[in-house]
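Read through the structure below, which is laid out as structure tokens, and then see the notes.
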Amino acid sequence: MVAVAILAAGRGTRMKSDLPKVLHSLGGRSLVERVLNSCFSIQPSRRIVIVGYRGDLVRESLQSDTDVEFVEQTQQLGTGHAVQQILPHLEGFEGNLLVLNGDVPLLRPQTIKMLLQTHTENGNAATILTAHLPNPKGYGRVFCDGQNLLKQIVEDRDCTPAQKQNRRINAGVYCFHWPSLAEVLPRLKAENDQQEYYLTDAVNYLEPVMAVDVEDYQEILGINDRKQLATAYQILQTRVKDDWMAAGVTLIDPDSITIDDTVQLEPDVVIEPQTHLRGQTVIQAGSRIGPGSLIENSQLGEKVTVFYSVVTDSVVAAGTRIGPYAHLRGHVNVGTGCRIGNFVEMKNTTLGDKTNVAHLSYLGDATLGNRVNIGAGTITANYDGVNKHPTHIGSNTKVGSNSVLVAPVTLGEDVTVAAGSVVTEDVPKDCLVIARSRQSVKHGWRIKSQKDETAGG
Ligand code: UD1
Ligand code: CA
């Protein structure tokens, strides 16, 4: 049985932020959410998050995950003090406790599995994750004997100059035999440079404690300031992009592309430079996105192309071409083989198959059938200043250039709207509608003053 405790009570002073450190976002997910996710695969029996500084915000951010338990650390007196707070909650628990710092968001699930396995196979009192860092500044240094059995952990600020030379560091990821830890926790003293109760001291009291190295030291980067947050983002991006390229996705100039790790791509998708894929986005095989596009929380079918455009919270079916400079602003549902062209904005709108909106249009709260053609400059006037109203356009209808469809309004199937019309009333199917004043030509007419001058001349 494994319980998990995540230390998330600290303010994170070095972030210089109002927001608690663990709520800072890394590629669309908070640090603490990432740490929780990293231990999902070991199926912990309990998951405890220790909260303190702005604990209400941390609780709120995780409230959709109903199994998470929260324990309050009202004063942040150190990582050891934080774990002391769970003593009453784990009374009688005989299993192992995995402790993770809430600011170590890049851990791989297999690393946690490996740590747990080493711990149980060797019957250790504690097993800690370590790494050899090129620049170990700021981390606790780990001193072991030849068998990887731990002698001591010394915090960076408490190290002698000689101890600082040691590059083996404490990752802030620990597996404890809980009954053994529970026994030594009350003995911690705050006799150190920060006058805090260190969890690392508990490790010093236990035996045997084993250190296990992580293969890829980038995994254990702790986020203490904005620069480390940016570095973590880079590492995450490299991981995500390398994985997609290995899975058959082409990235043209990967450094200029960002992809959230929540995005799903299929083989033979091509992502062009300066393109950003975010949130719950899915892009199917053979689609080509970019250059210069942003796709957020959207599903794109096979062989869709998006060129210098923004697509948010929308669904686009196979073979549709979007852009350049189109904006699907949310709740847009586009059928197959459609064309959405230059400077077209759409919101809360559904298009059937093979429908074209090729130039300079705004469609809001509209439903269009199949093979509709919307002429250049056509807009739906969907807002009367108080309420939004719907527009319905039947299949095969052609709306002439520069028309205004004043909602609520319905155009039947096979309707032709004359260019420049302002359509205010419903139009039945199979009609031509002309809703503009007829052109009149006055022969021999001139502006009066000119005429007078000529006459008087
Ligand atoms: C800690 C370790 C250090 C290790 C490093 C790895 C200790 C004493 N030191 O140092 O050996 O190399 O992590 O990243 O543990 N927290 C609380 N309550 C508190 C204090 C902290 O919940 O009273 C939480 C913080 O929110 C944070 C985590 O514990 O998520 C680590 O705290 P932090 O102050 O960042 O520790 P480090 O100095 O980085
Ligand atoms: Ca830290």
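The values are calculated or read from the model by the stated rules, or taken from the named source; none is laboratory data. Remember, it's a predicted structure, so these values are computed and weren't measured experimentally. Positions of Cβ are backbone-derived with ideal geometry, glycine not excepted, and every protein chain shown enters the neighbour counts. Ligands, DNA and RNA are excluded from the accessible area calculation, which covers all protein heavy atoms including side chains. Shrake-Rupley method; radii C 1.70, N 1.55, O 1.52, S 1.80 Å.
Please work out the C-alpha center-to-center distance from segment 32-65 to segment 89-114 and express it in whole Å.
Comparing the Cα centres of segment 32-65 and segment 89-114, I get a distance of 12 Å.
Quick check on segment 331-394: of the DSSP beta bridges with both residues there, what percent are antiparallel, nearest 5%?
Antiparallel bridges: around 5 percent, rounded to the nearest 5.
Could you work out how far the C-alpha centroid of segment 416-431 sits from that of segment 260-330, in angstrom?
Using only Cα atoms to place each centre, the spacing works out to 34 Å.
Just for the Cα atoms in the chain, what are the lengths along the principal axes, largest first, rounded to whole Å?
110, 51, 41
Counting only heavy atoms of protein chains, what accessible area per residue, in Å², does the chain have with a probe of 1.4 Å?
48 Å²
Give me the accessible area of L236, 1.4 Å probe, in Å² rounded to the nearest 10.
Taking all protein chains as shown, L236 has close to 10 Å².
Counting only protein heavy atoms, what percent of the accessible surface of segment 159-211 is carbon or sulfur at a 1.4 Å probe?
43 percent
How big, on average over all directions, is the shadow cast by the Cα convex hull of segment 148-250, in nm²?
9.3 nm²
Within segment 353-457, report the chymotrypsin sites (Phe, Trp or Tyr not before Pro) that DSSP leaves as loop and that have at most 10 other Cβ atoms within 10 Å.
W445
Check T350: other-chain or 5+ apart residues with amide H under 5 Å from its amide H, H built from backbone geometry?
Amide H neighbours of T350, under 5 Å, 5+ apart: N333, A366, T367, L368.
What angle, in degrees between 0 and 90 and rounded to the nearest 10, separates the Cα long axis of helix 109-122 from the longest principal axis of the Cα atoms of the chain?
20 degrees
Taking the simple approach of a point 7 Å from Cα along Cα-to-Cβ for both E302 and E191, what is their distance in nm?
7.2 nm
Pairs K347/K429; K398/K429; K164/K189; K113/K241; K354/K398; K113/K151: which exceed 19 Å Cα-Cα?
Pairs exceeding the cut-off: K347/K429; K164/K189; K113/K241; K113/K151.
Report Rg (one decimal) and Dmax (nearest whole number) for segment 226-433, counting Cα atoms only, units Å.
18.9, 64
Whole Å is fine, so just give me how far the alpha carbon centre of segment 357-382 lies from that of segment 125-177.
The two parts, judged by their Cα centres, are 64 Å apart.
Suppose we look only past 21 Å in the calculated P(r) of segment 2-220. What percent of the Cα-Cα pairs does that tail hold?
Tail fraction, whole percent: 52.
Quick one: with all protein chains in place, what share of the accessible area of segment 226-433 is carbon or sulfur, to the nearest percent (1.4 Å probe)?
So the carbon and sulfur contribution to the accessible surface is 52 percent.
What are the ³J(HN,Hα) couplings of segment 393-405, residue after residue, when phi is run through the Karplus curve with 6.51, -1.76, 1.60 and θ = phi - 60°? Round to Hz, x for glycine and proline.
Per residue, the Karplus-derived 3J(HN,Hα) values read 10, x, 4, 6, 7, 10, 9, x, 4, 6, 8, 10, 9 Hz.
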